[in-house]
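Asks: One structure follows; several queries about it will come next.
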Amino acid sequence: MRRLACLSVLMIACMELAPTALAKEAVQLKNVKGESVGTAILYNNRRGVRVQLNLKNLPPGEHAVHIHQNALCEAEAEKPGEAFKSAGPHFNPEARKHGLKNPDGPHAGDLPNITVKLDGVANVQLYDPHATLFGRSNGLWENGGAAIVIHANGDDMTTDPGGNAGDRIACGVIAKPEDYRSSGGH
């Protein structure tokens with residue numbers, strides 16, 4: 001009987017820890033034509049967000065990846081090069097300057113560049129210590145969601161506000177889950 005009680009307490013403790021330890025968000029990324037270019041899986045932990053990118057059908061070369069502040073990915077644009085402007089500027093709740101190498105930065109949504117191979121594929125892990133999925137002012141879900149955007153060029157890591165990364169060529173919404181409670185998410 002005592003052994004069963006301990007197991008019950010352990011299960012309750014694990015269930016209470018699970019949202020923090022295991023929270024993740026799977027995001028579908030699409031290009032301006034609405035075609036899938038892969039997925040981004042965001043894993044939350046107490047020190048930031050790990051982003052696993054599994055990409056396909058992208059132009060080869062170096063590309064910037066940023067988290068933008070709006071949970072919108074509208075591909076239609078009035079002018080060429082303005083696709084996904086609905087995602088807004090970079091996620092930047094602390095009002096810092098752009099760039100991982102900028103002494104006054106970075107934005108919470110600034111991520112390292114990725115390299116897409118000649119076959120259009122990239123499978124990489126990135127880490128963002130300046131954002132979380134939930135639980136702090138820099139929580140993506142706390143702010144109603146966000147978007148992850150892939151740009152045409154690499155980021156120079158210093159130029160404010162966007163690192164000269166070029167057009168937005170793919171986008172995916174980081175949506176706030178319906179069952180997420182704003183009182184801490186768990």
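Asks: Applying the selection to the range 140-175, what residues are at pLDDT below 85 and in contact with a Leu (Cβ under 8 Å, 6 or more places away or on another chain)?
Replies: Matches in the range 140-175: 141 only.
Asks: More than 14 Å from residue 65 (Cα to Cα) and among the aliphatic types (A, V, I, L, M) - does that describe any residue in the range 166-173?
Replies: There is no residue in the range 166-173 that is more than 14 Å from residue 65 (Cα to Cα) and among the aliphatic types (A, V, I, L, M).
Asks: If residue 102 meets every condition in (1) under 20 Å from residue 161 (Cβ atoms); (2) polar (S, T, N, Q); (3) under 11 Å from the mean Cα position of the chain (by Cα) apart from one, which number is that one?
Replies: Result: residue 102 passes all but (3).
Asks: Across the range 86-121, what is the total count of residues that are crowded, with 17+ Cβ neighbours inside 10 Å, touching a Lys or Arg at 6+ places or on another chain (Cβ under 8 Å) and modelled with pLDDT of 90 or more?
Replies: Matching residues across the range 86-121 total 3.
Asks: Let me ask you something else. Yes or no: residue 134 under 15 Å from the mean Cα position of the chain (by Cα), modelled with pLDDT of 90 or more and of a type in the set (Phe, Trp, Tyr)?
Replies: So residue 134 fails the test.
Asks: Of the residues 87, 83, 131, only one is over 20 Å from residue 59 (Cβ atoms) and of a type in the set (A, V, I, L, M, F, W, C); which?
Replies: Unique residue meeting the criteria: 131.
Asks: Now, a different point. Assess whether residue 130 counts as being in contact (Cβ under 8 Å) with a residue 40 or more places away in the chain, buried (at least 20 other Cβ atoms within 10 Å of the Cβ) and over 27 Å from residue 36 (Cα atoms).
Replies: Yes: the conditions hold for residue 130.
Asks: Right, residue 40: farther than 13 Å from residue 168 by Cα and either at pLDDT 95 or above or in contact with a His (Cβ under 6 Å, 6 or more places away or on another chain) (or both) or not?
Replies: Against the criterion (farther than 13 Å from residue 168 by Cα and either at pLDDT 95 or above or in contact with a His (Cβ under 6 Å, 6 or more places away or on another chain) (or both)), residue 40 qualifies.
Asks: Give me the residue from the range 43-85 that is of a type in the set (S, T, N, Q) and closer than 14 Å to residue 174 by Cβ and, out of that set, modelled with the lowest pLDDT.
Replies: So the residue we want is 44.
The values are calculated or read from the model by the stated rules, or taken from the named source; none is laboratory data. Everything numeric in this text was worked out from a predicted model, so none of it was measured. No Cβ is skipped: glycine too gets one built from the backbone with ideal geometry, and neighbour counts run over all protein chains shown.
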